[in-house]
Protein chains: 2
Amino acid sequence: MMDQMTIFSDYIRSKGLKNTCQRKTILEAFLASKSHFSTEDLYLKLRKQHPNIGYATVHRTLKLFAECGIASELDFGDGQTRFEPLDINQHHDHLVCTNCGLIVEFTEPRIEKLQEQVAARYNFKIERHRHELYGLCPKCAKAQLV
Amino acid sequence: MMDQMTIFSDYIRSKGLKNTCQRKTILEAFLASKSHFSTEDLYLKLRKQHPNIGYATVHRTLKLFAECGIASELDFGDGQTRFEPLDINQHHDHLVCTNCGLIVEFTEPRIEKLQEQVAARYNFKIERHRHELYGLCPKCAKAQLV
DNA sequence: GGAGAAATTGAAAATGACAATCAGAAAGCT
DNA sequence: AGCTTTCTGATTGTCATTTTCAATTTCTCC
């Protein structure tokens, strides 16, 4: 199994792009980062150690990660695109707390299977899907009863 | 079962808002409209008969519809928020063609049931969800083989 | 029916996330 | 090293959405 660094450098090479130190730095920060961060989150985090890396570069590089398949873009409807490192073996969807913003990942193979059946029913050729459950996390649900 | 007009006027009254002829006009156009339209779609449609209704008013009124539960906001990730009249009895999700933009509604009670199980597993209190399948509709899938 | 308070309207401007621009800098091929 | 191509980052542009604000309309209470 290729790791994410290899996937990215292979992609770079295959497209005739260049290996720059900014991209290397951003890739490292990306892999070390917790999931579900926005461009701004990563930019601010990087700026501490690397004040010379611009917002646009972070943005473009994250797009590259998504293109080559090591990141996926998330949109929870709050007007900010988030990213997460993508592990090809393990697809998951998300529970989002509408109160505190907590994000929990879940997998449910039976839902995946039913999705395929739905697609077949309408003769669609599915490329990707988005499945998010919004509500209150245990902590916020409890707090709201008080 | 209350109809959507009643739900809206009750909501207006309960919030101390006012019944204006613009809101009445927009509500009628909204109910007569096919699903999955953007603010701009409805604005342009209205403008033919009611050139005096502004974009901002259409936008604010659609937000009101969503607030009181007679509309739902859809976001298919193309940078435009869409709306659809919400029929409380009949929840559905969407298939979206990434090539031609065709939108098909589907229902799958077994998925809904599994979602509840997932929520229970994580002790989440679900308020709503988003479930969209993106891919090629039959026509575009066929065209791509050529 | 009409005065007064409060909400609404619509044109225009502001906002904010994202994308594009462009001149100077860096990378990589030979 | 020289040369060509890509990259960078500050800035600007874009576009849907939201806010502003003065004028208008609605609704309540006489």
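A compact table of results
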item: Selection within the stretch A:23-44 - under 12 Å from A:L62 (Cβ atoms) and either out of contact with any helix residue (DSSP H, G or I) (no Cβ under 8 Å at 6 or more places or on another chain) or of a type outside the set (A, V, I, L, M) (or both); result: A:R23, A:F30, A:S33, A:F37, A:S38, A:T39, A:E40, A:D41, A:Y43
item: Residue check for B:R60: within 16 Å of DNA strand C (Cβ to nearest atom), closer than 30 Å to A:G101 by Cα and of a type outside the set (V, I, T); result: yes
item: Out of B:L17, B:L46, B:L86, B:L62, sole residue that is away from every other protein chain (no Cβ under 14 Å), of a type in the set (A, V, I, L, M, F, W, C), near DNA strand D (Cβ under 9 Å from one of its atoms) and surrounded by 15 or more Cβ atoms within 10 Å (Cβ to Cβ); result: B:L62
item: Subset of the stretch A:37-82 [under 25 Å from A:L95 (Cβ atoms) and among the hydroxyl-bearing types (S, T, Y)]; result: A:S38, A:T39, A:S72, A:T81
item: Complete set of residues in the stretch B:101-115 that are more than 8 Å from chain A (Cβ to nearest Cβ) and either in contact (Cβ under 8 Å) with a residue 12 or more places away in the chain or open to solvent by less than 70 Å² (accessible area, probe 1.4 Å) (or both); result: B:G101, B:L102, B:I103, B:E105, B:T107, B:E112
item: The stretch A:7-40: number of residues that are touching an Asp or Glu at 6+ places or on another chain (Cβ under 8 Å) and more than 20 Å from A:L74 (Cα to Cα); result: 1
item: Residues being within 25 Å of the chain's Cα centre (by Cα), facing chain B (nearest Cβ under 7 Å), open to solvent by 60 Å² or more (accessible area, probe 1.4 Å) and at pLDDT 95 or above - total across the stretch A:116-137; result: 2
item: Members of the stretch A:49-59 found to be under 21 Å from A:Q4 (Cα atoms) and open to solvent by less than 30 Å² (accessible area, probe 1.4 Å), listed by number; result: A:V58
item: Selection count where residues are within 10 Å of DNA strand C (Cβ to nearest atom) and surrounded by fewer than 18 Cβ atoms within 10 Å (Cβ to Cβ), scope the stretch A:23-40; result: 3
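Table: residues versus (1) more than 30 Å from B:F8 (Cα to Cα); (2) among the basic types (K, R); (3) out of contact with any helix residue (DSSP H, G or I) (no Cβ under 7 Å at 6 or more places or on another chain).
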| position | (1), (2), (3) |
| --- | --- |
| B:H91 | no, no, yes |
| B:H94 | no, no, yes |
| B:I111 | yes, no, no |
| B:L114 | yes, no, no |
| B:A119 | yes, no, yes |
| B:H129 | no, no, no |
| B:L133 | yes, no, no |
| B:K139 | yes, yes, yes |
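The values are calculated or read from the model by the stated rules, or taken from the named source; none is laboratory data. Predicted, not measured: the structure shown is a model, and the values here were computed from it. All Cβ positions, glycine included, derive from the backbone under ideal geometry; neighbour counts span all protein chains shown. Note: areas computed on protein heavy atoms with side chains; ligands, DNA, RNA excluded. Shrake-Rupley method; radii C 1.70, N 1.55, O 1.52, S 1.80 Å.
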